[in-house]
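A short worksheet on the structure shown next.
The values are calculated or read from the model by the stated rules, or taken from the named source; none is laboratory data. As the structure is a prediction and not an experimental result, all values here were calculated from the model. Reconstructed Cβ throughout: ideal geometry from the backbone, glycine too, with neighbour counts over all protein chains shown. Only protein heavy atoms, including side chains, enter the accessible area calculation; ligands, DNA and RNA are left aside. Shrake-Rupley method; radii C 1.70, N 1.55, O 1.52, S 1.80 Å.
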Amino acid sequence: MIVALVVIVALVIAGAVIAGFFLTSQGRGPLATDEKRIELAIRDFYETLDSRGFRAAAELACARERATFEAMTEQEKSEFDSTSVSVTIDRIEDIVVIDDTATAKVTGKLTVEVPGRQPDTETSTTEHLKKEDGKWKICSAEGTR
């Protein structure tokens with residue numbers, strides 16, 4: 001019985017170590033670097049923008065950007081809702097962290113389609129982020145100051 005208990009404890013500890021390593025490498029664990037957390041914040045933002053739209057993505061932005069979105073009229077918000085966004089991220093690199101702000105170069109394909117207009121496609125951009133309440137948030141360059 002003691003041997004079985006020791007084996008169970010060893011398995012639980014091994015499982016916790018493996019889970020901690022996996023979460024940390026994905027940017028979600030307590031030991032994740034700022035660079036991993038920034039990459040995760042960017043991917044989560046764009047995935048949300050792609051799958052759920054601007055309103056949902058605004059919730060993942062910094063406080064200044066959320067306030068700007070909330071200050072819009074319902075008509076302006078509806079125009080954003082009618083916009084179609086398609087995002088594919090190939091790489092996130094050149095991450096630079098300075099205190100509670102950061103920049104990162106995002107390479108991939110972002111296509112924005114507004115009804116009645118030609119689609120606008122970008123292949124790379126420099127994303128700006130701000131750390132708020134311990135979490136990295138997408139924020140315009142002006143909003144990171």
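Within the group Ser140, Ser124, which residue is part of a loop (DSSP other than H, G, I, E, B) and surrounded by 12 or more Cβ atoms within 10 Å (Cβ to Cβ)?
Residue meeting the stated conditions: Ser140.
Taking segment 127-137 as the search range and keeping residues that are part of a strand (DSSP E or B) and of a type outside the set (Lys, Arg), which one is least open to solvent (accessible area, probe 1.4 Å)?
Among those residues, the one meeting the criterion is Leu129.
Restricting segment 1-44 to residues that are open to solvent by less than 40 Å² (accessible area, probe 1.4 Å) and β-branched (Val, Ile, Thr), which is modelled with the lowest pLDDT?
Keep residues of segment 1-44 that are open to solvent by less than 40 Å² (accessible area, probe 1.4 Å), which gives 15, 20, 24, 27, 29, 32, 38, 40-42.
Okay, now just the ones that are also β-branched (Val, Ile, Thr), so 24, 38, 42.
Numbers: Thr24: 44, Ile38: 96, Ile42: 96.
Ranking the qualifying residues of segment 1-44, first place goes to Thr24.
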